[in-house]
Amino acid sequence: MSSPVLSLAGIEKVFPNGVRGLSPVDLTVEKGDFVTLIGPSGCGKSTLLKLIANLHTPSGGKMSWWGGNFGDVGRKGRRMAFVFQDATLMPWATIAKNVRLPLDLEKVDRATADKRALAALERVGLGHVTEHYPAQLSGGMKMRVSIARALVTEPDLLLMDEPFGALDEFTRNRLDEEMARLCYEDGLTTLFVTHALHEAAFLSSRVMVMAARPGRIHAQYEIDRSILRNEEFRLSDQFAGISRELAILLEDASRESMIQQEMRA
Amino acid sequence: MMSSRTFSLLAPVTLGIIILGIWEGICRFWHIPPYLMPSPSAIWRALMLDGVALLHALLITLEITFAALIAAVVGGVLVAFLLVQSPLIERCLMPYVVIMQVTPIVAIAPLIIILIHNTPLALTACAALVAIFPVISNTLQGLRSVDPDLAAYFQMHKASRLQTLSRLRIPSALPMFMAGLRIATGLSLVGAIVAEFVAGTGGNSAGLAYQILQSGFQMDIPRMFAALFLITVAGLVLYAAAASLQRFALRHRS
Ligand SMILES: Nc1ncnc2c1ncn2[C@@H]1O[C@H](COP(=O)(O)OP(=O)(O)OP(=O)(O)O)[C@@H](O)[C@H]1O
Ligand SMILES: [Mg+2]
């Protein structure tokens, strides 16, 4: 059997100022998984994602990417892409140039890079705005560009930190459907952070419910992968049931976070 | 209806014309002698009479202004890049940058003029010294104003130092730099004129400040005003040029 995409064992993070961002966390992400992290604000979701992206170094524990270490991330079959809460585009560059950025940094030749950037933009339905500038696009379109910039590297793991938090409900639902297609049809392994329970219920094959102070995994919840994630599912009783069960877990996690805080006070 | 742009141009121009009219009227009605307060028409006559000499002087001042601006921009950007390299370098150098800034140019100008024998060069140095500080501080702040998420993105994609500099830091610094450039443009002109005043250079390589000094000695007040008028026009043109350059450079960002 091949090694998992991600494997975290006892990963901890204590910040230099003494704040305990994460107490030991174990997490395994297999190929094709859509894992969602959900939990109250400050429970360490972003911290966990940044640790995985090697933007933070863990204070303890073991972490491996495709069974290896971070040095090999970026090679073929081990590509990782990150989508932030904000689109995080370069305002001075055209959409095409923004999407091409990761390829440019890898020194992929211009013609190939342009072709792949256009293909990535077409995948998110934005093939017609390549020569526009970010300031000319709406928030939802910018977020799509950000996703295209992640897809252009043909990632084997996509990390997303509350990518649609700033968008309206309608736009968010459309983008969620696109994300579901990318994962369940194209097989893109995704680790997703959200505040929104409905988003977690709609997208995930597994939900990790986190609690705060210190950040930890409180519970996990599996969702049938074979469900078709479409508009019909969103209106189904099955979806309502999943949402309810997740709500209970989340309520539990929040209560525990509060108790921990009171005990400390 | 008038567009707001036309209005914002028309309103101050109308006010200017009214003020000029009142000024002219007061001078004529009370027969105020031109050595106390010349009327606008007297100033205009002086400008027409001595236009060639004044324009020549303006050109000399502008040459110094541009040379100083270029020196300030090149020097300021280099210093900013140096400062941003390491906190240690910044700690060591920053106090001197500040000392340079807080010392009034009028006080150091005589020293510079004695040290540098070539007068135009000395004047340029003085003006550049006045203009360099906003370039340094704005470029420095600009180089630091990188979006932290974008910086994380570059780091995650294992971008080299050079790639991060050319694709992230420099473009991120551009808005602050352009604002600094705009301030520096105005200051170069101020610096050039202040330095000319201190140097008091005569001969045919004398700038507008010297023309003002000389007109003062000769009690030729209309000519003084005419020179002042030219400086103001030059300042306005420089300001507008710098502002449109700034707008052009940042046209895609909102
Ligand atoms: N660089 C840092 N230095 C010190 N403390 C930090 C740092 N980054 C995060 N923290 C703390 O670690 C904890 C977890 O933060 P994190 O940003 O991971 O939470 P989160 O779950 O993403 O919250 P949110 O849902 O609000 O985004 C918080 O208490 C936060 O204050
Ligand atoms: Mg967060």
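The values are calculated or read from the model by the stated rules, or taken from the named source; none is laboratory data. The structure presented is a predicted model; accordingly, all values stated were derived computationally and were not measured. Neighbour counts run over all protein chains shown; Cβ positions are idealised from the backbone, glycine included. Ligands, DNA and RNA are stripped out before the accessible areas are found, and what is left, the full protein with its side chains, is counted by its heavy atoms. Shrake-Rupley method; radii C 1.70, N 1.55, O 1.52, S 1.80 Å.
Taking the protein heavy atoms of the protein assembly as shown in the context of the full set of protein chains, the accessible area attributed to carbon and sulfur is 63 percent at 1.4 Å. Against the longest principal axis of chain A, how steep is helix A:110-123, in degrees 0 to 90 to the nearest 10, with axes from Cα atoms? With rounding to tens, the tilt is 60 degrees.
Using the Cβ-Cβ distance between B:S41 and B:D147 with R0 set to 45 Å, the FRET efficiency from 1/(1 + (r/R0)^6) comes to roughly 0.20.
Interface burial in the stretch B:160-196, defined as at least 50 Å² less accessible area with all protein chains than with the chain alone at a 1.4 Å probe, covers B:Q163, B:R167. Secondary structure note: in the protein assembly as shown, about 50% of the DSSP beta bridges are antiparallel.
Restrict the search to the stretch B:1-86; then list the chymotrypsin sites (Phe, Trp or Tyr not before Pro) that DSSP places in a loop and that have at most 13 other Cβ atoms within 10 Å of their Cβ.
Sparse-neighbourhood loop chymotrypsin sites (Phe, Trp or Tyr not before Pro): B:W30, B:Y35.
Across chain B, Cα pairs under 8 Å and at least six residues apart give a relative contact order of 27 percent. When the Cα centres of the stretch B:22-46 and the stretch A:49-120 are compared, how far apart do they sit, in Å? When both Cα centres are located, 71 Å separates them.
Per the accessible-area calculation with a 1.4 Å probe, the total area buried between chain A and chain B rounds to 2000 Å².
With 24 Å as the limit on Cα-Cα distance, the pairs of A:K76/A:K142; A:K76/A:K97; A:K45/A:K107; A:K97/B:K158; A:K50/A:K76; A:K31/A:K62 that go past it are A:K76/A:K142; A:K45/A:K107.
As a length-normalised measure over Cα pairs under 8 Å and 6 or more apart, the relative contact order of chain A settles at 25 percent. Summing Cβ point charges (Lys, Arg +1; Asp, Glu -1) relative to the Cα centre of chain A gives a dipole of roughly 900 debye.
Projecting the Cα atoms of A:L159, A:L8, B:G51 onto the charge dipole of the protein assembly as shown (Cβ charges, centred on the Cα centre) puts B:G51 farthest toward the positive pole. The accessible-area loss of the stretch B:226-254 on complex formation, taken against its chain alone with a 1.4 Å probe, reaches 10 Å² or more at B:H252, B:R253, B:S254. Computed from the C-beta positions of B:S160 and A:A111 and an R0 of 25 Å, the FRET efficiency is 0.65 to the nearest 0.05. Among the residues of A:127-134, the average count of other protein chain beta-carbon atoms within 10 Å of the residue beta-carbon is 1. Subtracting the Cα-Cα distance of A:D168 and A:D186 from their residue separation scaled by 0.36 nm leaves 3.9 nm. Here the Karplus curve 6.51 cos²θ - 1.76 cosθ + 1.60, taken at θ = phi - 60°, turns the phi angles of the stretch B:208-217 into couplings of 5, 4, 5, 4, 5, 4, 5, 4, x, 4 Hz, with x standing for Gly and Pro.
For the pair the stretch A:194-222 / the stretch A:1-43, the C-alpha centres are spaced 12 Å from each other. Think of the protein assembly as shown as a dipole: +1 on every Lys or Arg Cβ, -1 on every Asp or Glu Cβ, centred on the Cα centre; then among B:V237, A:G215, B:A122, B:A122 lies furthest on the positive end. In this structure, the amide hydrogen of A:V83, modeled 1.01 Å from its nitrogen in the peptide plane, lies closer than 5 angstrom to those of A:L159, A:M160, A:D161, counting only residues at least 5 positions away or on a different chain. Against chain A, whose longest principal axis is taken from its Cα atoms, helix A:95-105 shows a tilt of about 80°. Choose one answer from A:T57, A:T112, A:T88: the residue with the largest mean-square fluctuation in a GNM of chain A with alpha-carbon springs under 10 Å. Between A:T57, A:T112, A:T88, it is A:T112 that shows the largest mean-square fluctuation. Over chain B, accessible surface divided per residue gives 56 Å², non-protein components excluded, 1.4 Å probe.
Of the residues A:Q238, A:Q85, A:Q220, the one that moves most in a GNM of chain A with alpha-carbon contacts below 10 Å is A:Q238. Taking all Cα pairs closer than 8 Å and separated by 6 or more residues, the relative contact order of the stretch A:86-154 comes to 49 percent. Take each residue in A:93-104, count the other chain C-beta atoms within 10 Å of its C-beta, and the mean is 2.
Axis of helix B:170-199 versus longest Cα principal axis of chain B: the two differ by about 40°, to the nearest ten degrees. The GluC sites (Glu not before Pro) of the stretch A:124-221 that meet both conditions, a loop assignment by DSSP and at most 11 other Cβ atoms within 10 Å of the site Cβ, are A:E131, A:E185.
Using the Cβ of A:R206 as centre and a radius below 12 Å, the other residues enclosed give a net charge of -3, where K and R count +1 and D and E count -1.
Basic side chains Lys and Arg get +1 at the Cβ, acidic Asp and Glu get -1 at the Cβ, and with that the dipole of the protein assembly as shown about its Cα centre reaches some 980 debye. Magnitude of the charge dipole for the stretch A:86-154, about its Cα centre and with charges confined to Cβ atoms of Lys, Arg (+1) and Asp, Glu (-1), is about 40 debye. Averaged over peptide A:54-63, the number of partner chain Cβ atoms lying within 10 Å of each residue's Cβ comes to 1. When each of the peptides B:228-238, A:140-150 is scored by the mean number of other C-beta atoms lying within 10 Å of its residues, the order from highest to lowest reads A:140-150, B:228-238.
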